[in-house]
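The values are calculated or read from the model by the stated rules, or taken from the named source; none is laboratory data. Keep in mind it's a predicted model, so treat the numbers as computed, not measured. Cβ: placed from backbone, ideal geometry, glycine included. Neighbour counts: every protein chain shown.
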Amino acid sequence: SLLGIMKAGGAYLPLDRTQPRERNMVILEESGCRLLLTEAGLCDRYGSVVECVSIRSLDLSGCPSTAVDLVLSPSQRAYVIYTSGSTGLPKGVEIVHATLLNLIVSQTQELNISAHDRVLQFANLVFDASVEQLWLALANGARSVLVSRDIILDQGAFMRYIATKKVTYLDITPTYLESIGTGFHPELRCIVIAGEECNVALVNELYDKYIV
């Protein structure tokens, strides 16, 4: 759905289904969102403020397979991320295509990302870290490896999962990294640690093995 939105010239606005309905309602109203792509069971929750479409109910059989004849402007919105709202109402941050492209190009060059990589989609889409993880993979023809919240909450299951999927690129918080340790599988080559202050000793331990 995100690729479809981008190709159609739209901007996506992710919502977290686990957040209170009131928060998501505020975001939908304040943003002026016109269309919500979701699951059938959630349409009743937000149908009063926005047109809801169940993704699974869409019939795409008659849709063209050719690319949309559309030229995007670098200054055009690519996505909108809302802040946590801890100091009041959540505020939307608009990111344009030029900014997104600059991030992906610089990360690709700095970290040598290629079509052979497998990038773990660790962050929820409502967090800005998800942008790097998702588009870094898709823009380079790499594989985006999805992981469930249940697996993330089970450190042992998480380590087995990323080893089975042969993840090569991992972007996680220092706190989570400390909880799982550094005994990674041999295919992992790059670890990005972000989101909070990091223990220097932990970084030094990783420097000998990975791009950090």
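Give the range 133-170 a look and list any residue that's buried (at least 18 other Cβ atoms within 10 Å of the Cβ), of a type in the set (Phe, Trp, Tyr) and more than 15 Å from PRO14 (Cβ to Cβ), or say none.
Within the range 133-170, PHE158, TYR169 qualify.
Does VAL192 fit the bill of being in contact with a strand residue (DSSP E or B) (Cβ under 8 Å, 6 or more places away or on another chain), touching a residue at least 12 places away in the same chain (Cβ under 8 Å), surrounded by 13 or more Cβ atoms within 10 Å (Cβ to Cβ) and not in a loop (DSSP other than H, G, I, E, B)?
Against the criterion (in contact with a strand residue (DSSP E or B) (Cβ under 8 Å, 6 or more places away or on another chain), touching a residue at least 12 places away in the same chain (Cβ under 8 Å), surrounded by 13 or more Cβ atoms within 10 Å (Cβ to Cβ) and not in a loop (DSSP other than H, G, I, E, B)), VAL192 qualifies.
Can you name every residue in the range 46-57 that is in contact with a helix residue (DSSP H, G or I) (Cβ under 6 Å, 6 or more places away or on another chain), over 17 Å from SER31 (Cα atoms) and not hydroxyl-bearing (Ser, Thr, Tyr)?
Of everything in the range 46-57, nothing turns out to be in contact with a helix residue (DSSP H, G or I) (Cβ under 6 Å, 6 or more places away or on another chain), over 17 Å from SER31 (Cα atoms) and not hydroxyl-bearing (Ser, Thr, Tyr).
Any idea which of ARG17, ARG23 is among the basic types (Lys, Arg) and within 16 Å of the chain's Cα centre (by Cα)?
On the way: ARG23 fails: within 16 Å of the chain's Cα centre (by Cα).
One residue alone meets the criteria, ARG17.
For the list (1) more than 23 Å from TYR210 (Cα to Cα); (2) of a type outside the set (Phe, Trp, Tyr); (3) out of contact with any Pro (no Cβ under 8 Å at 6 or more places or on another chain), I need the number of the one condition that ALA98 fails.
In the conditions (1) more than 23 Å from TYR210 (Cα to Cα); (2) of a type outside the set (Phe, Trp, Tyr); (3) out of contact with any Pro (no Cβ under 8 Å at 6 or more places or on another chain), ALA98 misses (3) alone.
Can you pull out the residues in the range 44-59 that are within 16 Å of SER1 (Cα to Cα) and surrounded by 11 or more Cβ atoms within 10 Å (Cβ to Cβ)?
Matches in the range 44-59: GLU51, CYS52, VAL53, SER54, ILE55, LEU58.
Give all pairs with beta carbons closer than 6 Å in which a residue from the range 11-29 that is closer than 21 Å to SER148 by Cα meets a residue that is at pLDDT 95 or above and outside any loop (DSSP other than H, G, I, E, B); count only pairs at least 6 apart in sequence or on separate chains.
LEU13/VAL80
Which of (1) touching a residue at least 24 places away in the same chain (Cβ under 8 Å); (2) farther than 20 Å from ARG77 by Cβ; (3) crowded, with 17+ Cβ neighbours inside 10 Å is the odd one out, the single condition THR38 does not satisfy?
(1)
Select, from SER130, SER106, SER114, the only residue that is assigned to a helix (DSSP H, G or I) and either among the aliphatic types (A, V, I, L, M) or surrounded by fewer than 16 Cβ atoms within 10 Å (Cβ to Cβ) (or both). Break it down stepwise before answering.
Details: SER130 fails: either among the aliphatic types (A, V, I, L, M) or surrounded by fewer than 16 Cβ atoms within 10 Å (Cβ to Cβ) (or both); SER114 fails: assigned to a helix (DSSP H, G or I).
Matching residue, one of SER130, SER106, SER114: SER106.
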